[in-house]
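Remarks on the structure that follows.
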Amino acid sequence: MKFSKSLFTLFLISAILLVIAPYDASAKTLRGKVSIDGSSTVFPITEAIAEEFRSVAPRVKVIVGVSGTGGGFKKFLAGSIDINNASRRIKSKEVKKAKKQNIDFLEIPVAFDGITVVINKANDWAKEITPAELKKIWNTNSKVVTWKDVRSSWPDKKIKLYGPGTDSGTFDYFTKAINGKSRASRSNYTMSEDDNVLVAGVSGDKYALGYFGFAYYLENKTKINALPIKSKNGSITPSMESINLGTYVPLSRPIFIYARKDAFKKPEVKKFIQFYLEEAGGLVKDVGYVPLPKADYEESLEKIKSL
Amino acid sequence: MSLRRRRLTEKCFKIATALITWSSIAILGVLVFQILKEGMQWVDWQFITSLPSRKAEKAGIYTAIWGSFYLMITTMLFALPTGIGAAIFLEEYGGKSRLSRFIDVNVANLAGVPSIVYGLLGLAVFVNLFGFGRSVISGGLTLGLLVLPVIIITTRGAIRSVPKSIPQAAYALGAKKWQVIFFHTLPYALPGILTGVILSVSRAIGETAPLIIVGAAAYVAFVPESLLDEFTALPIQIFNWTSRPQEVFHSLSAGGIIILLSVMLTMNSVAIFFRHKTQRSRNG
């Protein structure tokens, strides 16, 4: 009896140790590098995670670059980084290249970003817009010159258009969602890769209309208005709730990190991604993006466990 | 033309040139004032010694300062000997052969090549071909190539401005050509060469585009320990902050610009000090 009791205690202690040990003690002493690059849209999230990760694993060097989703994938497929921040899904061309290079990867959604259609504060006629009307405005060979061309009840004034440049993931997504074909867009509008320029443009022009990432709208709510999108769900304004619930369609998109599967062999990379998924729910909101439903993070956590 | 009219024209011309000078100084003044007004609130010890952060009030520029510093050291260690060597060859040994004229034209053209092209070159050669990766040495060598033409051109100018009597006196005493160059021409040309150093450090430290291409990271929480370590740099950090949605980061970037200007002025003041000293010893 006595024997089995001590055996039980021993078992209990070792069980506790087994649970705790790989979790805490090892993270503090973890060393190595986690090399990340890619989209500037995803950057603030990854940066926030990297910053917090320092208190968990102070000796791991996390490096985050911003060479754009496409530029990041190039480095990712050349094998020089562990993780790529991507504001769009990997293209089939890139998948092919990965197969050729024998690179096995994992796609992990980390947050939602809503593309926001914005208008000037003084705009008192436009209360909502339909995707069809947006297509009329933005499609290639668009004939829209005035607001009246979009909806006959709107004023006969020239519409001034602002949008992201063609290197941006936002441009890729918007054109796909609205015009039906990625990268098909009219080209006679004010373009800038810097969303702050677009904010300044729309806020200074009564007859302006533009689109860019939700985070930039959130920070500039006092300067510009979001135009609700009318879909089968009704007229929906972009917000944390509507994007999270998935009612803000078709302009909300998931953003991702892509990780090389063989990089999971490095404990510091695995730990980092694990930490990413555990903390994203809170930190994503902090930097102006919309977190995924909890279950999605848990699902990804489950997936990486076996790697 | 009457005498009065000619005097009037003279006066107008003088005023026009003065106006141009003062207006460019005024523009600089407005820029600096704007930056100081917006950024000074951020510049303190905490800002200088903190790591990058998503929270503006906690964010600092520590790793970027060290990144830029090491970058400049690498750049100069590469560009100075190469540039001065090339200038000596072109000026003293090159002669007027077709080849040296060809090199001449190309060096002048290289000085005008957009910096992003150097970035692409650096990516292809240093990052990929040599396998240096996204490291201090890749960035330093790329910036080194970028400022090489500036150093060559200013050094050549400095060598050319050395009075002929000085090398001739040395030749007359039986000195060989390399002795003349090393002990007479170069010391005399040193102030001019240092001007080239000032110009090239000022240019290299503010470059953003080639560093982004080469792969300087935006978030690095450690000071590079070797030439092969990843790095971030001041202009990268400033660029990163200005492109953020939060307005507070825009004023934080003004703080970064103040630091960038101070680092540049500090590095240049070393060169200016030496220039002053060599100029004095030459005249004295």
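For chain B, which longest stretch is free of loop sites, where a loop site is one of the GluC sites (Glu not before Pro) that DSSP puts outside H, G, I, E and B and that has at most 14 other Cβ atoms within 10 Å? All intermediate terms of the calculation are to be shown ahead of the outcome.
Values: sites that count: B:GLU57, B:GLU225.
Value returned for the longest uninterrupted segment is B:58-224.
For A:ILE255, list long-range residues whose amide hydrogen, built 1.01 Å from N in the peptide plane, is under 5 Å from its own amide hydrogen.
A:VAL110, A:ALA111, A:PHE112, A:ASP113
Can you list the aspartates and glutamates whose alpha carbon is less than 19 Å from that of B:LYS177, not counting same-chain residues fewer than 8 positions off?
B:GLU91, B:GLU92
If you keep only loop residues by DSSP, which trypsin sites (Lys or Arg not before Pro) in segment A:205-272 have at most 15 other Cβ atoms within 10 Å of their Cβ?
Filter output for segment A:205-272: A:LYS206, A:LYS221, A:LYS232.
³J(HN,Hα) across segment A:248-260 via Karplus (A = 6.51, B = -1.76, C = 1.60, θ = phi - 60°), whole Hz, x for Gly/Pro?
Once θ is set to phi - 60°, the couplings for segment A:248-260 become 7, 10, x, 9, 10, 9, x, 10, 10, 10, 10, 10, 6 Hz.
Give me the percent relative contact order of chain A, please, defined on Cα pairs under 8 angstrom at least 6 residues apart. Don't jump to the answer; show the numbers that get you there.
Numbers: 543 pairs, mean separation 73.9, N = 307.
Reported as a whole number, the value is 24 percent.
Given springs between every Cα pair under 10 Å in a Gaussian network model of chain B, which of B:ASN109, B:ASN268, B:ASN240 has the largest fluctuation?
For chain B, modelled as a Gaussian network with Cα springs under 10 Å, the answer is B:ASN109.
Say the dipole of the protein assembly as shown comes from +1 at the beta carbon of Lys and Arg and -1 at that of Asp and Glu; which of A:VAL249, B:LEU252, B:ALA111 then lies farthest toward its positive end?
B:ALA111
Across segment A:82-91, in residue order, what do the Karplus-derived ³J(HN,Hα) couplings come to in whole Hz, using 6.51 cos²θ - 1.76 cosθ + 1.60 with θ = phi - 60° and x for Gly and Pro?
Values per residue, Gly and Pro as x: 8, 10, 10, 7, 10, 9, 8, 6, 5, 7 Hz.
Using a Gaussian network model on chain B with a 10 Å cutoff between Cα atoms, which of B:ALA108, B:ALA16, B:ALA204 fluctuates the most?
B:ALA16
Please list, ordered by chain and number, the residues whose modelled amide H lies under 5 Å from the amide H of A:SER231; skip anything fewer than 5 residues away on the same chain.
Residues meeting the amide H criterion: A:ILE236.
Arrange the peptides B:257-263, A:289-295 so that the one whose residues have, on average, the most other Cβ atoms within 10 Å appears first.
Per-residue mean Cβ counts within 10 Å order the peptides as B:257-263, A:289-295.
For the protein assembly as shown, give the share of DSSP beta bridges that are antiparallel, in percent and rounded to the nearest 5; count only bridges with both residues there.
Just about 65 percent of them are antiparallel.
Could you grab the relative contact order for chain B? Cα pairs under 8 Å, six or more apart, rounded to a whole percent.
In percent, rounded to a whole number, it is 26.
Put +1 on the Cβ of each Lys and Arg and -1 on the Cβ of each Asp and Glu in chain A; which of A:ASN141, A:ALA48, A:PRO58 then has its Cα farthest toward the positive end of the dipole?
Value: A:ASN141.
What's the longest bit of chain B with no exposed trypsin sites (Lys or Arg not before Pro), using DSSP loop states and at most 15 other Cβ atoms within 10 Å as the test?
That would be B:177-284.
Taking the Cα centre of each part, how many Å lie between segment B:79-146 and segment A:88-113?
Going from one Cα centre to the other spans 37 Å.
Would you be so kind as to identify all helices of chain B, as entire DSSP H runs, whose Cα atoms reach 27 Å or more along the helix's own axis and whose mean Kyte-Doolittle hydropathy is at least 1.6?
Correct list, ordered by number: B:136-160.
Can you tell me the dipole magnitude for the protein assembly as shown around its Cα centre, using point charges on the Cβ only (Lys, Arg +1; Asp, Glu -1), in Debye to the nearest 20?
Dipole size: approximately 1760 debye.
I need the phi-derived Karplus couplings for segment A:208-216: 6.51 cos²θ - 1.76 cosθ + 1.60, θ = phi - 60°, integer Hz, Gly and Pro marked x.
The phi angles translate into 8, 9, x, 9, 6, x, 4, 4, 6 Hz.
Are there chymotrypsin sites (Phe, Trp or Tyr not before Pro) in segment A:82-136 that DSSP marks as loop and that have at most 15 other Cβ atoms within 10 Å, and which are they?
Of the chymotrypsin sites (Phe, Trp or Tyr not before Pro), the ones in loops of segment A:82-136 whose Cβ has at most 15 other Cβ atoms within 10 Å are A:TRP125.
So how tilted is helix A:43-56 from the main axis of chain A? Cα-based, degrees 0 to 90, rounded to 10.
20
Taking the 0 to 90 degree range and rounding to the nearest ten, how far is the long axis of helix A:68-77 tilted relative to the main principal axis of chain A, both from C-alpha atoms?
For A:68-77 against chain A, the angle is about 40 degrees.
Calculate the spin-label point distance for B:ASN128 paired with A:LYS303, positioning each point 7 Å from the Cα along the beta-carbon direction, and give it in nanometres.
Result: 2.9 nm between the two label points.
Mind checking B:240-248 for the average number of partner chain beta-carbons within 10 Å of each residue's beta-carbon?
Values: counts 5, 0, 2, 9, 10, 15, 8, 5, 1.
Rounded to a whole number, the mean comes out at 6.
In segment B:1-38, which chymotrypsin sites (Phe, Trp or Tyr not before Pro) are in a loop and have at most 13 other Cβ atoms within 10 Å, using DSSP for the loop call?
Within segment B:1-38, no chymotrypsin sites (Phe, Trp or Tyr not before Pro) qualify (loop, at most 13 other Cβ atoms within 10 Å).
Looking at chain B as a GNM with Cα springs under 10 Å, which of B:ALA216, B:ALA26, B:ALA64 has the largest mean-square fluctuation?
Checking each option, the largest mean-square fluctuation is seen for B:ALA26.
What accessible area per residue comes out for segment A:31-148, rounded to a whole number of Å², with a 1.4 Å probe? Don't jump to the answer; show the numbers that get you there.
On the way: 4690 Å² over 118 residues.
Result: 40 Å² per residue.
Taking chain A as the reference, fit the longest principal axis to its C-alpha atoms, fit the long axis of helix A:267-286 to the helix C-alpha atoms, and give the angle between the two in degrees, 0 to 90, nearest 10.
That helix lies at roughly 40 degrees to the long axis.
Obtain the nm distance between the two label points defined at A:ASN102 and A:ASN233 by a simple spin-label model: each point lies 7 Å from its Cα along the Cα-to-C-beta direction.
4.5
Can you give me the long-range amide H partners of A:LYS160? Hydrogens built in the peptide plane at 1.01 Å from N, cutoff under 5 Å, separation of 5 or more residues or another chain.
A:ALA208, A:LEU209
What does the buried accessible surface come to for B and A, summed over both chains, with the probe at 1.4 Å? Round to 100 Å².
2300
The values are calculated or read from the model by the stated rules, or taken from the named source; none is laboratory data. Quick caveat: nothing in here was measured; it's all calculated off a predicted structure. Here the Cβ is made from the backbone with ideal geometry for all residues, glycine too, and neighbour counts use every protein chain on show. SASA here: full protein model, heavy atoms, side chains in, ligands and nucleic acids out. Shrake-Rupley method; radii C 1.70, N 1.55, O 1.52, S 1.80 Å.
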